[in-house]
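Report on one structure; see the data block that follows.
The values are calculated or read from the model by the stated rules, or taken from the named source; none is laboratory data. Keep in mind the model is a prediction, meaning the values are calculated, not measured. In this analysis, Cβ positions are derived from the backbone assuming ideal geometry, glycine residues included, and neighbour counts consider all displayed protein chains.
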Amino acid sequence: MRISRSELERIAELASLELSEEEAERLTRDCQAILEYFEIVRGADTGDAAPAGPLEHAGPPREDSADCDPLRRRLDEIAPAWREGYFVLPRLPAMDADIPAESDDV
Amino acid sequence: MFASRKSLDYESVIGLEIHVQLKTRSKMFCGCRVEFGAPPNTLVCPVCLGLPGALPVVNERAVELAVLAALALSSQVNLRSVFARKNYFYPDLPKGYQISQYDRPLATGGWLDLPGEDERESTRLRIRRLHVEEDSGKSLHDRFPGQTAIDLNRAGVPLLEIVTEPDLRSPAQARAFLGGLKQILEYLEVSDCNMEEGSLRVDANVSVRPAGSEELPTKTEVKNMNSFSQLEKALEHEAARHKAILMSGGEIERQTMLWDPARSQARPMRGKEEVHDYRYFPEPDLPALQLSDEVIARATARLPELPREKALRFMTEYNLPAYDAEVLSATRELADYFEAVARVTANPKLASNWVMVEVLAVANELGVRIGELGIEPARVAGLITMVSGGTLSHGLARQVLREMVGSGKTAEQVIEEENLSQVSDSATIEGWVAEVMAGNPREVERYRSGEDKLLAFFIGQVMRKSQGKADPDRLREVLREALGENR
Amino acid sequence: MEELHERLRSRAVRAEDLLQATMKAIAESDAQDAPLNAFISLGGEELAGQAAALDRALDNGDEVGPLAGIPIAVKDNICTGDMPTTCGSRILEKFVAPYEATVIRRLRAAGALIVGKTNLDEFAMGSSTENSAFGPTRNPWNRERVPGGSSGGSAAAVAADLVTLALGSDTGGSVRQPASFCGVVGLKPTYGRVSRYGLMAFASSLDQIGPLARTVKDAASMLNVIAGGDHFDSTTAHVPVPDFTGLLEGGVEGLVVGVPREYFPNDLDSGIAALCETAVERLERMGAEVREISLPNTVYAVPAYYLVANAEASSNLARYDGVRYGLRAPGARSTAAVYRETRGMGFGSEVKRRIMLGTYGLSAGYYDEYYGCGQRVRRMIADDFERAFAKGVDVVFTPTAPTVAFRLGERVDDPVQMYLSDVFTVTANLARTPAISIPIGRVEGLPVGGQFVARHFEESTMLRAAYTLEASMAGESLESRA
């Protein structure tokens, strides 16, 4: 298994990580070495092993009552950019043009 | 060859993905209040803000409502389902992933029967799956110039996603399906299903193929349709676009189209949308969702009578025509109202006419639901009894009904206060008739020379003079007698 | 700690004075050429107020909690409400969480004084506390050595006697391995025993908060306070929590101790192997039945661990996007640039490596080969333990780490070597079992830890074994180092 530079860039895009040229080079090398090391795991005879999944026990369910853990600080104190009650972000049509008027991306 | 291809008939193949907000007090995974229209970012907590370290806890009620919907759609509720993370970056998605369900949804399969032309035959449209998930927040792109404003009040609101099989064959059928689904969900009281407020949202997958073909051609996804008519319009638009491309020998490109309701046109979302790789994996913060047979049984017991069952029962039990039965079962509220009136009057057909025509007309005029009129069904029944008993004319009764809106008064009270009781006294009626005849000698002459249809004219004139109070039956007798003289 | 608690109650010591002394000791530990750097931030006025209030309560003879006045350090990935919680990352450099973790709520309710937030590998990703945006922590036994990680600050603070107790988090050994390197006790409870609400997630299915202490008994008293089901964490188990301190006595007579041969490879440091052997002999002498067992899938544990942990981490760390809190890259001109640039400048290289590998392992076409494979092997490793326990083994005994504390900088350029520090600890996280590391001696003057692993929710059995072994070694190797 080899991870190519272009593959690395695709993954960085998925992970929204800006990488410098030097970082990208180094990451390609590191990830390659780590992935090679991970190959040991192929020796495991996973045959009919079911993957470990979520927990099967569940605690008591939450009743539908409106009582959340209240915030102890105002949001404008923690937000990197705040305007009239909203978190705000810069928007550049060339980069963010296709963001619809309202998100339906669910 | 090419020419014959051109002449083929095409049919649409449409599948819908519907999101409805479940009607809960609190959010899907935290105790924040669910409310439409609150000031931005006021209904938030560590969990729905996606603060580091915060963890989701499932809202029991949301699951119950989803189970109820699944049962009503004949879907197989899975006793074990698994939450999964759908990973993507979006400004109003606080955690960078949405908690949804993926390969182990809450319910699988199911269907919705749409009535055909004849009430007794219907089209069965299959449902693929139902699952629960959380809503995203809202990104406002026009709040501040050059900025995107984020409001997270909606983030974490419980959603039910319903995915159909590609069984829909026309935009009109898609619209009808959505209408039928909305009706059921409203009956179950699992959602407000308000498209304007966004508690009902629909995306569609569209493709077009030669009629009768079994192929599944390349489809496109259409998003952002915010009303029933926009859904139909957008689908027609998209199907026509496909058809035009196919007829000119072109190929459909798989993409997502964003419908612009203001311009009635769709534009493709940028290609980047297509590289989305959601990297689903089981949500490690939540145990598998286990439902006991008992929970399902309890939900089944709570299932109300659904619209189609109700309509059929109205036809058999009350002997109503199919049309009446369908109109009256449109909403649970209307149906209950009708039944309450019918029970008291013991005359279902009359009750049906009154509720369907008169009461509904008043509600429509005022732009409110029937329950918001403030007239108890028993009072409508009382009014109907007076009409059928002959103490009130139909016309007067209508007037009385309008006076009853929001007043809390009975028909009797209105009649008394407004001095509206019917006049059957012959002497008074004869007086009005005499006045009308004296004022319209030419019409009297024409009637007497054989123009029978002028009787209606005289009735109208007397009714006007009596302010509608003249007993119509008595009036008719008096008129005939008076006009018949010398004939 | 018991003694300290008594002195506070008898008013021989005042909480305010104790707090001042603690702050002074912390300051001194950093005022050297090779600063210990165990803490990222320290409590301020709010903390002083809590100490004063406790003194008033104690003066009045009021009932106080079991940890009243005890100075406690908390790993800086647990939200404390008052102090910043940075996760050792630039991306959260000034972030003060507007809420409090469940464990912190419970500790404060028990009267504990949270004196400060300890250094860690960024987002708990590392085994040396060198991957911190706030500089490395050093080992109190030898300041040229690492304290282990990722809870290195907490381990160092306890080992240097700056605090009595500390909280760490353990995803693949992050409490136990630094406990081993620093000569203290480190406990990872059963997954689900302690609430994770307020613990900044690294790998949700593996993370567990646990105590670091100088003695098994102290660790048990801390577990008493933090354990138990929590309505804010669906993965906690709502099972009874015994009084762990009350179950320490009783010895190991008849206890079946499994010693898995896979944890004693030929290339294991001979000094460490010898100390483990001695420990096992002691247990046997005290009446335990020692059995050699096999946990055959151990060899796949480290890669399986990273396949699972990285995938979860890549998703857990997506929320650091510069939108709602934390760092935002200055000058980013589009939404997409805010994400990319903030994350690019805010995360350190180890975090980026793991996000990349985790994203890769979940991406279309690779899921089954990576994340799916990791989860299948995980199941097999859990089954190994299940089988051993089913055959009557009560506790498993192993070395905690394959080496003693290594030199600062020695492994920073070799991620795979760094990952191998966790070779004996990741299995307990994968199998969700409880595990504890206690000091069992020294090699070349540096502490060595031995690890006990027990059945799910059988912390009490494990603690009893550890306590008995600890007592049998009393006075031999447990003195602390400043």
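Filtered by the rule that a residue be within 10 Å of chain A (Cβ to nearest Cβ) and outside any loop (DSSP other than H, G, I, E, B), segment B:42-75 gives B:N59, B:E60, B:R61, B:A62, B:V63, B:E64, B:L65.
Listed conditions (1) under 30 Å from C:K352 (Cβ atoms); (2) at pLDDT 95 or above; (3) surrounded by fewer than 24 Cβ atoms within 10 Å (Cβ to Cβ) are all met by C:D55, apart from (1). Note on segment B:345-361: residues that are closer than 20 Å to B:K409 by Cα and either buried (at least 18 other Cβ atoms within 10 Å of the Cβ) or in contact with a Phe, Trp or Tyr (Cβ under 7 Å, 6 or more places away or on another chain) (or both) total 7. Each residue in segment C:118-135 was checked for being under 25 Å from C:P71 (Cβ atoms) and hydroxyl-bearing (S, T, Y), and 3 pass. Taken over segment C:37-79, the criterion of being small (G, A, S), assigned to a loop (DSSP other than H, G, I, E, B) and under 16 Å from C:A109 (Cα atoms) is satisfied by C:G65, C:A68, C:G69. Filtered by the rule that a residue be touching an Asp or Glu at 6+ places or on another chain (Cβ under 8 Å), in a helix (DSSP H, G or I) and of a type outside the set (G, A, S), segment B:287-311 gives B:V295, B:R308.
This table checks each residue for (1) at pLDDT 95 or above; (2) in contact with a Gly (Cβ under 7 Å, 6 or more places away or on another chain); (3) within 13 Å of chain B (Cβ to nearest Cβ).
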| residue | (1), (2), (3) |
| --- | --- |
| C:N310 | yes, yes, yes |
| C:R333 | no, no, yes |
| C:R343 | yes, no, yes |
| C:E350 | yes, yes, no |
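Among the residues of segment C:291-311, are any out of contact with any Pro (no Cβ under 8 Å at 6 or more places or on another chain), part of a loop (DSSP other than H, G, I, E, B) and buried (at least 20 other Cβ atoms within 10 Å of the Cβ)? No, the conditions are met nowhere in segment C:291-311.
Between C:T85, C:T118, the distinction of being within 14 Å of chain A (Cβ to nearest Cβ), crowded, with 24+ Cβ neighbours inside 10 Å, of a type in the set (S, T, Y) and under 25 Å from C:E312 (Cα atoms) belongs to C:T85 only.
Of all the listed residues (B:E215, B:E133, B:E189), the sole one being surrounded by 20 or more Cβ atoms within 10 Å (Cβ to Cβ) and among the acidic types (D, E) is B:E133.
Look at B:L106 and say whether it is farther than 30 Å from B:D285 by Cα, touching a Leu at 6+ places or on another chain (Cβ under 7 Å) and surrounded by 20 or more Cβ atoms within 10 Å (Cβ to Cβ). The answer is no for B:L106.
Yes or no: segment A:49-60 includes at least one residue that is assigned to a helix (DSSP H, G or I) and at the interface with another protein chain (Cβ under 7 Å from one of its Cβ atoms). Within segment A:49-60, not a single residue is assigned to a helix (DSSP H, G or I) and at the interface with another protein chain (Cβ under 7 Å from one of its Cβ atoms).
From the list C:G254, C:G250, C:G210, the lone residue that is under 18 Å from C:R455 (Cβ atoms), out of contact with any Lys or Arg (no Cβ under 8 Å at 6 or more places or on another chain) and of a type outside the set (D, E, K, R) is C:G254.
Would you say B:A211 is away from chain A (no Cβ under 14 Å), free of Cβ contacts under 8 Å to residues at least 40 places away in the same chain and farther than 28 Å from B:L68 by Cα?
no
Where helices (runs of 4 or more DSSP H) fall entirely within segment C:332-415, those with at least 3 residues that are surrounded by fewer than 24 Cβ atoms within 10 Å (Cβ to Cβ) and among the acidic types (D, E) are at C:373-390. Every condition in (1) within 14 Å of chain A (Cβ to nearest Cβ); (2) touching a Leu at 6+ places or on another chain (Cβ under 6 Å); (3) closer than 25 Å to C:V404 by Cα holds for C:K75 except the one numbered (1). Being in contact with a strand residue (DSSP E or B) (Cβ under 7 Å, 6 or more places away or on another chain), over 30 Å from B:A38 (Cβ atoms) and either within 14 Å of another protein chain (Cβ to nearest Cβ) or part of a helix (DSSP H, G or I) (or both), is that true of even one residue in segment B:103-121? Looking through segment B:103-121, at least one residue is in contact with a strand residue (DSSP E or B) (Cβ under 7 Å, 6 or more places away or on another chain), over 30 Å from B:A38 (Cβ atoms) and either within 14 Å of another protein chain (Cβ to nearest Cβ) or part of a helix (DSSP H, G or I) (or both). Report yes if B:P39 is away from chain C (no Cβ under 14 Å) and modelled with pLDDT of 95 or more, otherwise no. It is true that B:P39 is away from chain C (no Cβ under 14 Å) and modelled with pLDDT of 95 or more.
Would you check if A:L8 is farther than 30 Å from B:C32 by Cβ and within 8 Å of chain C (Cβ to nearest Cβ)? Yes.
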